[in-house]
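The values are calculated or read from the model by the stated rules, or taken from the named source; none is laboratory data. Given the structure is predicted, the values throughout are model-derived calculations rather than measurements. Ideal geometry is used to build each Cβ from the backbone, glycine not excepted, and the neighbour counts take in all protein chains shown. Accessible surface areas use protein heavy atoms only, side chains included; no ligands, DNA or RNA. Shrake-Rupley method; radii C 1.70, N 1.55, O 1.52, S 1.80 Å.
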Amino acid sequence: MSDQPQADEPIKFRRKGFKFLGLGLQEYIKYFFGGNASLAIIVLVLICTFLLKEGIAFFPDYNKELREYRQTGQEFVDYADRQIDAHTRINSDANIAYYAELNQSSKFEDDILSAYRSVGSFVRSATSSETDQLKRYTERIEDLEDNLAKLAEAPATDEIDGRAQIQQLAVELDDYQQRSEKLKGEILTHFRLHLANESIWENVRPGIHLSKESKELVLTAVLHKQPGVKEEYPEIKQLMADSSAKKKVATESLAEFKSTITALSKAVRPMKSFVRDLKDIASENAREAKKFSTAELRYDALLKGSEKAATESDKQRFIEQAGAVDRTKPNFEEITKPLIAKTDEHNKLSVELQKEIARLVPLLPKNPATESARENLQKVQGNAANFPNIAEESREEMMDWNFDKKNSVFHALGAFFFGKHWISNSSWRDFYGILPLFTGSLLIALIALAVAVPFSLAAAIYVNQLASRREQNFIKPAIEFIGAIPSVVLGFFGILVLGTALRNVSQIEALSWIPGFPMAERLTILNAGLLLAFMAVPTIFTLAEDALNNVPQALSENSFAMGASKLQTILRVVFPASISGIIAAVLLGFGRIVGETMVVLLVAGNKIKIPDFTEGIGVVTQPAHTMTGIIAQELGEVDKGSLHWGALFMVGLVLFFMSLVINFSAQRILKKLQKF
Amino acid sequence: MNDTMSATEHQDYSTAPQATTSNPPEIEHEVVIEIDDVNFSYDKKKDVLQDITLDLRKNEVTAFIGPSGCGKSTLLRCMNRMNDLIPNAGLTKGEIRILGTDIHAPEVDVIELRKHVGMVFQKYNPFPKSIYENVAYGLRIQGIKNKAILDEAVETSLISAGLWEEVKDRLDASGLGLSGGQQQRLCIARTIAVQPKIILMDEPCSALDPLSTATIEDLITKLKHDFTIAIVTHNMQQATRVSDKTAFFYLGELIEFSDTTKLFTNPSVKATEDYISGRFG
């Protein structure tokens, strides 16, 4: 205590140490951390603003586009076109029914022949390089034989020389013949190798199931028809003859059916050519409109160029060119008049078409032999009955149509959020409706959730409540490891392994009662959903396991003391007690699924169409496109600032708000559940 | 037994138990639990209970007292085999018979056993469910779905646990919203709803304030008309207030077991006297 401050010197409570610009080290550290935190928020705000700025501009642009669609009369023509669409549907269903009936009689022969052709073409294409080589040899041999024959016939001018030439050619010919024989042998070996492989049957069209004998026959026939052999294998020839004979008989017995269908497809011809004319007019109008909308821009650009021009003559030229730009607004009323003038004619054609359909459809067979024909004819009946309604609707829309009818601000909104078509780079008109993408995303996410949630919750319960320590130490890291698999690798797996496996399973005869089976496609909603489920499992599992772990041990002990079994305790006490954490886990998993891009882009099939829900649950075997997938696929190829670009940003915004809603509702649910 | 104790008397800690409870009972009650020369170990190596022999009689409250770690809670948890949940733990000698059956016999279903031997824990732990569902839990896991039966069981159990008047208007509210004492009574109601023969209480009042403690103690003395009760307690006044018999444990051994009045007024072993007079423990 010797260095106590002296009494006359006041104690100073001054800070010591580093100081810069009035701030101490502690403050700098504090601001460094704070700065990092706020940086994240700034970036988030920037992203939101950017998305909004790019996205919102889409609606006025789209409104303009839709207005142009109306002004040019394209909308009018599409209304007229609707009846043709409806007719096409009826016609194609009837056709499918007809061919199902026709092919029924010779199904046995056709199946074998089809398998024979697929297997044969696979084997031939697999050995095509050798076959080509063989062809070259054969040509060469023919050439040599020709030359030899010519030399033999030609009067020998110089005997010795001629003989030497003949000898030389003969040696060459012999060599080629030997080579050719050897190659033939090699090709045959390759044929045998390929044919011995069981996987060769994967080339056969799905739905064809051959007996053992038939398969033998196909293999022998393919082996028989090696390169150079023109004749078909006798039994195949017989099958072909049988098939065509049976078809002939069937064609005769189905002659009435056929003529009805022909009449049905002819019925629409006048309407078709009529609408084609309308389309030509409207397309011309659309070109006019496009020209007008770009003319302003060109004019401005040329004037600007003239200001910057180096020489006086250049400047003059620019101004001249600008003056030449046709900036007159097309008179939409005038150019759509020819369309409207034809309304009456269209109505007349429509009435005739309706009459024809009403006359012809009852003539179709009532009791077809095959299931497929029955189903399709039923569809035909239903669509035909509905046809007058469609015709009436289309007529009314055409009557109401007016080139100048104003679109409200919400028109573009509705057309985007409820539009059934996403069509870009079309020669007719682009449409940006999110519905096909939204339904695709939603279906895939629902499948993924439906699979992932029970799977991961059951796994979490097992690991947390039932597994031994050793099992825990194995299962937990294994499941968490799934999260480390890059999604593009999973997509790979989905295309090559899961897709093929699913399709093969779906072709098992005994499973054909499952809706949607057999599947025609490998890349489907189901496939993508299953893979996404796999990706979501680690997220849901880990969080759910944590939630279960947080349930106090005492709670389960209480339950045991009441005489509850292990299972009862888990289901009635532990699980409900951790429900809030589990819901959070599921919602986070859902977020992961909705936002996933790579897997769906690779595996979902990328078909931009609202899936056909008439199949019921079988809808999942169709391909679809998704919101994330379309952005990844198309954003690289669009012009910056174009309508398409804006549409993609809007899709991004929708995704963004979906995530927001999911998170928000998750929190609401949690709050509600925390009551208990 | 005619018990006339009231809640007001509980607060008078100096008052000795009344004559009616202190007199040796005229009728010897039927033995419900026989603990016969039991050793128990948590790790199959060191016995934490040694040579315990003890009878618990019907409609009596038996208090287990002793310093921490003396094995009284362990013995309690042996009686409904809660120790089964701990790997490697188990009896190493002797047997426990409840109503004449050896509870460790292979044909005994531990779930059935626990239905007859209920337990109330030190830390009240209502399930995160409504009050109604908490009480109905035991019946529901037995598969009873009939609403009328459940309603009646819930009401009688809550009345027995002295909680009915306080919660009858909010049976659908969460059990976790009650006060501590109420939650413990809810746990007691939950236990008695399944009509066990025996209720084991592991320091039921140690986490409660004196008023709630008094309520629970009052409840225990009422419940013994219908149930056989074993209670572990650190509070010696509590033992004198609620129990008929008291067992004093020390270092895993049963030192003394006799009528509560006798044990507290005239202990026959020196260690007991030292403990109850507060010289250690």
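What ratio of Cα Rg to 2.2 N^0.38 Å holds for region A:547-591? Please report the intermediate quantities before stating the final value.
Details: Rg = 11.9 Å, N = 45, 2.2 N^0.38 = 9.3 Å.
Expressed relative to 2.2 N^0.38 Å, the Cα Rg reads 1.28.
By how many nm would the segment from A:Phe481 to A:Gln316 grow when fully extended, if each residue of separation counts as 0.36 nm and the alpha-carbon distance is taken off?
Details: separation 165, 0.36 × 165 = 59.40 nm, distance 7.08 nm.
Residue separation times 0.36 nm, minus the Cα-Cα distance, leaves 52.3 nm.
How crowded by other chains is B:118-129, given as the mean number of beta carbons from other chains within 10 Å of each beta carbon? Numbers along the way, then the final one.
Details: counts 3, 5, 2, 4, 1, 4, 2, 9, 3, 11, 12, 5.
So the per-residue partner count for this stretch is 5.
Region B:160-269: which GluC sites (Glu not before Pro) are DSSP loop and have at most 11 other beta-carbon atoms within 10 angstrom? Please list the in-between numbers first.
Values: sites: B:Glu165, B:Glu166, B:Glu217, B:Glu253, B:Glu256; in loops: none.
Passing sites in region B:160-269 do not exist.
For chain B, set up a Gaussian network in which alpha carbons nearer than 10 Å are linked by springs, and say which option among B:Thr191, B:Thr233, B:Thr156 fluctuates the most.
Of the options given, B:Thr156 has the highest mean-square fluctuation.
Within region A:501-518, whose backbone N sits under 13 Å from a point 7 Å along Cα→Cβ of A:Ser372?
Of the residues in region A:501-518, A:518 have backbone N under 13 Å from the label point off A:Ser372.
Name the residues whose placed amide hydrogens come within less than 5 Å of the amide hydrogen of B:Glu256, ignoring near sequence neighbours (fewer than 5 apart) on the same chain.
B:Phe248
How big is the antiparallel share of DSSP beta bridges in the protein assembly as shown, given as a percent to the nearest 5? Show your work: numbers first, answer last.
Values: 27 of 46 bridges.
In the protein assembly as shown, approximately 60 percent of DSSP beta bridges are antiparallel ones.
Run the dipole for the protein assembly as shown about the Cα centre, Lys and Arg Cβ at +1, Asp and Glu Cβ at -1, nothing else charged, and hand back the magnitude in debye, nearest 20. Working shown, then result.
On the way: 106 positive and 122 negative charges, 336 e Å.
Roughly 1620 debye, rounded to the nearest 20.
Given region A:475-547 reduced to its alpha-carbon atoms as identical point scatterers, what log10 I(q)/I(0) does the Debye formula return at q = 0.11, 0.23, 0.28 Å⁻¹?
-0.36, -0.95, -1.18
Which residues' amide hydrogens lie under 5 Å from the amide hydrogen of B:Glu95, considering only partners 5 or more residues apart or on another chain, with H built in the peptide plane?
Long-range HN contacts for B:Glu95: B:Asp36.
Once phi is turned into ³J(HN,Hα) by the Karplus curve 6.51 cos²θ - 1.76 cosθ + 1.60 with θ = phi - 60°, what whole-Hz value does each residue of region A:32-47 show in order, with x for glycine and proline?
So the J values, rounded to whole Hz, are 4, 5, x, x, 5, 5, 6, 4, 4, 5, 4, 4, 4, 5, 4, 4.
Towards the positive end of the charge dipole of region A:441-675, with charges on Cβ (+1 Lys, Arg; -1 Asp, Glu), say which of A:Ala467, A:Val505, A:Met535 has the farthest Cα.
The residue sitting most towards the positive pole is A:Ala467.
For n ≥ 4 DSSP H runs only, could you compute -39500 (n - 2.57) per run for chain A, divide by its residues and tell me the 222 nm figure to the nearest 500?
Working: 26 runs with 483 residues, N = 676.
After summing the helix terms and dividing by the residues of chain A, the value is -24500 deg cm²/dmol.
Take the alpha carbon gyration tensor of chain B, find the square roots of its eigenvalues, order them as a ≥ b ≥ c, and report rounded if a/c is under 1.5; if not, report prolate when a/b exceeds b/c, else oblate. Working shown, then result.
Values: a/c = 1.73, a/b = 1.21, b/c = 1.43.
The shape class here is oblate.
Just to be sure I understand the model, the point goes 7 Å from the Cα along the line to the Cβ. What's the resulting A:Lys135 to A:Leu635 distance in nm?
Here the answer is 4.7 nm between the modelled labels.
Leaving ligands, DNA and RNA out of it, rank A:Trp513, A:Trp422, B:Trp164 by accessible area with a 1.4 Å probe, largest first.
Numbers: A:Trp513 185, A:Trp422 15, B:Trp164 45 Å².
Correct descending sequence by accessible area is A:Trp513, B:Trp164, A:Trp422.
Output ³J(HN,Hα) for region B:194-200: one whole-Hz value per residue in order, computed from phi by the Karplus curve 6.51 cos²θ - 1.76 cosθ + 1.60 with θ = phi - 60°, and x for Gly and Pro.
Once rounded to whole Hz, the list reads 8, 6, x, 8, 10, 10, 9.
With all distinct Cα pairs included, what does the Kirkwood hydrodynamic radius of chain A come out to in Å, to one decimal, could you say?
Values: mean 1/r = 0.0299 Å⁻¹.
Mean inverse Cα-Cα distance, inverted, gives 33.5 Å.
Please say if region A:153-262 is rounded, prolate or oblate, where rounded means a/c under 1.5 for a ≥ b ≥ c the square roots of the C-alpha gyration tensor eigenvalues, and otherwise the choice is prolate for a/b larger than b/c and oblate otherwise?
Numbers: a/c = 4.67, a/b = 2.01, b/c = 2.32.
Here region A:153-262 falls in the oblate category.
As I understand it, the dipole of the protein assembly as shown uses +1 on the Cβ of Lys and Arg and -1 on the Cβ of Asp and Glu, about the Cα centre. Which of A:Thr294, A:Gly414, B:Cys205 lies farthest toward its positive end?
Farthest towards the positive end: A:Thr294.
Would you kindly compute the Cα radius of gyration of region A:441-675 and its largest Cα-Cα separation (Dmax), both in Å?
20.3, 70
Between B:Ser130 and residues 5 or more places away or on another chain, which pairs have amide H atoms under 5 Å apart, with H built 1.01 Å from N, and which residues are they?
Counting only residues 5 or more places away or on other chains, the set is B:Gly175.
Stretched out fully, how many nm does the piece from A:Leu148 to A:Asn504 gain, at 0.36 nm a residue minus the Cα gap?
On the way: separation 356, 0.36 × 356 = 128.16 nm, distance 5.65 nm.
In short, 122.5 nm is gained.
With the Cα gyration tensor of region A:335-474 giving a ≥ b ≥ c as the square roots of its eigenvalues, does the rule (a/c under 1.5 for rounded; else a/b larger than b/c for prolate; else oblate) give rounded, prolate or oblate? Walk me through the intermediate numbers first.
Working: a/c = 4.67, a/b = 1.76, b/c = 2.66.
Oblate, because a/c is 1.5 or more while a/b does not exceed b/c.
Multiply the residue separation of A:His209 and A:Ile42 by 0.36 nm, subtract the distance between their alpha-carbon atoms, and state the gained length in nm to one decimal.
53.9 nm is the gain from fully extending A:His209 to A:Ile42.
For chain B, modelled as a GNM with alpha-carbon contacts under 10 angstrom, which of B:Val135, B:Val61, B:Val108 fluctuates the most?
Looking only at B:Val135, B:Val61, B:Val108, the largest GNM fluctuation is found for B:Val108.
Where nothing but the Cβ of Lys and Arg (+1) and of Asp and Glu (-1) is charged, how large is the charge dipole of region A:484-639 around its Cα centre, in debye to the nearest 20? The partial results should precede the final answer.
Working: 7 positive and 11 negative charges, 72 e Å.
The calculated dipole for region A:484-639 is roughly 340 debye.
Could you give me the ³J(HN,Hα) list for region B:175-187, computed from phi with Karplus coefficients 6.51, -1.76, 1.60 and θ = phi - 60°, whole Hz, x at Gly and Pro?
x, 7, x, 7, 6, x, x, 5, 5, 5, 5, 4, 5
Could you grab the relative contact order for chain A? Cα pairs under 8 Å, six or more apart, rounded to a whole percent.
Numbers: 706 pairs, mean separation 117.2, N = 676.
RCO, chain A: 17 percent.
Using Cα-only point scatterers and the Debye equation, what is log10 of I(q)/I(0) for region A:268-405 at each q in 0.13, 0.19 Å⁻¹, rounded to two decimals?
Log10 I(q)/I(0), no solvent term: -0.76, -1.09.
List the longest stretch of chain A that has no exposed loop site; here a site is one of the trypsin sites (Lys or Arg not before Pro) assigned by DSSP to anything other than H, G, I, E or B, with at most 14 other Cβ within 10 Å. Don't skip to the answer; put the middle values down first.
Values: sites that count: A:Lys12, A:Arg14, A:Arg15, A:Lys16, A:Lys230, A:Arg327, A:Lys366, A:Lys405, A:Lys406, A:Lys420, A:Lys640, A:Lys675.
Between exposed loop sites, the widest span is A:421-639.
Can you give the helix-only mean residue ellipticity at 222 nm for chain B, where every DSSP H stretch with n ≥ 4 adds -39500 (n - 2.57) and the sum goes over all residues, rounded to the nearest 500 deg cm²/dmol? Walk me through the numbers on the way to the answer.
Working: 12 runs with 100 residues, N = 281.
Rounded to the nearest 500, it is -9500 deg cm²/dmol.
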